[in-house]
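The values are calculated or read from the model by the stated rules, or taken from the named source; none is laboratory data. Just so you know, these numbers come straight off a predicted model, no measurement behind them. All Cβ positions, glycine included, derive from the backbone under ideal geometry; neighbour counts span all protein chains shown.
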Amino acid sequence: MSLDVRHLVKSYGAVRVTDDVTFSVPAGDLVGLIGPNGAGKSTLFSIVTGFLDADAGEVSFDGRPLHRVSASERARRGLVRTFQVPREFSHLSVRENLMAAAPAQAGETLSSLFLAPGRVRREEAALREKVDGLLGFLNLARVAEVSAGQLSGGQKKLVELGRALMTGARTILLDEPFAGVNPVLIEEISERVRELNAQGIGFLVIEHDLGALSRLVTTLHVMDRGRLIASGPPAKVLADPLVREAYLGGLS
Ligand SMILES: Nc1ncnc2c1ncn2[C@@H]1O[C@H](COP(=O)(O)OP(=O)(O)OP(=O)(O)O)[C@@H](O)[C@H]1O
């Protein structure tokens, strides 16, 4: 399902945090979004996934405009984000975190518990099977019963990915999946993303680890001070003098 962002504008006071941003994530593509601190990347994610309203511009998913569509409805349609700081339920186990991310089940209404017990049982069995499958796929089976708050940074990122997958997402926006993650788990997360992408799930990934991101994505978009300044294959984009200048400027 393609994601299309057209002429997106968002200001805080006099500062344009996203300034006429236009780009697409074609269905099933693997795309990176980079830029110096404060460039506007996370704000863009929040607008695309419905956590924040834009001042102007349009976001469409699968050809349908998302104007006034809530974040939860966007998730139901298959467009889901993760957060820079994972938002797991720290006191719940990893398994419970995944269960809690599933779309509403028939068993959650009291009436269907009485009127359709067979359906409720079937849905619960299917849910358990899905969670077991994901725990195995994400290499989290060993820690399934551990409180999510006790996991390493990288494992928490895997739980976030698992929670996104539980919703049935078709396009997932990952906000800094490698931040605070050790190199071994960075490779593991990358591999899982590649496998999911091979199954047709599209990704848009914000990341400051440009080496790991470049090995993962086919296209990079670069933001600087709210504007999109470059797009293309990673090697070409990272060699672009305008991009190098943006990063050096950001470091000074
Ligand atoms: N609620 C807000 N009110 C005012 N300014 C904000 C708000 N949220 C973000 N900003 C500002 O908007 C700009 C863009 O922030 P944003 O978090 O989108 O950047 P980013 O590219 O994701 O940065 P980083 O890589 O550091 O996470 C920053 O200057 C930030 O201070």
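So Gly226 passes all but one of these: (1) within 16 Å of the ligand (Cβ to nearest atom); (2) modelled with pLDDT of 95 or more; (3) within 16 Å of the chain's Cα centre (by Cα). Which condition number does it fail?
(3)
Tell me which residues, restricted to segment 211-223, are within 16 Å of the ligand (Cβ to nearest atom) and more than 17 Å from the chain's Cα centre (by Cα). Break it down into steps so the answer makes sense when it comes.
In the first step, residues of segment 211-223 are kept if they are within 16 Å of the ligand (Cβ to nearest atom); the result is 212-213, 220-223.
Within segment 211-223, Val222, Met223 meet the criteria.
Could you figure out which of (1) under 19 Å from Phe83 (Cα atoms); (2) modelled with pLDDT under 95 isn't true of Val184?
The failed condition is (1).
Would you list the helices (runs of 4 or more DSSP H) that sit entirely within segment 136-225 and hold 2 or more residues that are without any contact (Cβ under 8 Å) to a residue 24 or more places away in the chain?
Here the list reads 183-198.
For Asp4, indicate whether it is over 25 Å from Ala102 (Cα atoms) and either out of contact with any Asp or Glu (no Cβ under 7 Å at 6 or more places or on another chain) or within 16 Å of the ligand (Cβ to nearest atom) (or both).
So Asp4 fits the description; yes.
Between Ala230, Ala164, Ala148, which is under 21 Å from Thr22 (Cα atoms) and surrounded by 19 or more Cβ atoms within 10 Å (Cβ to Cβ)?
Ala230
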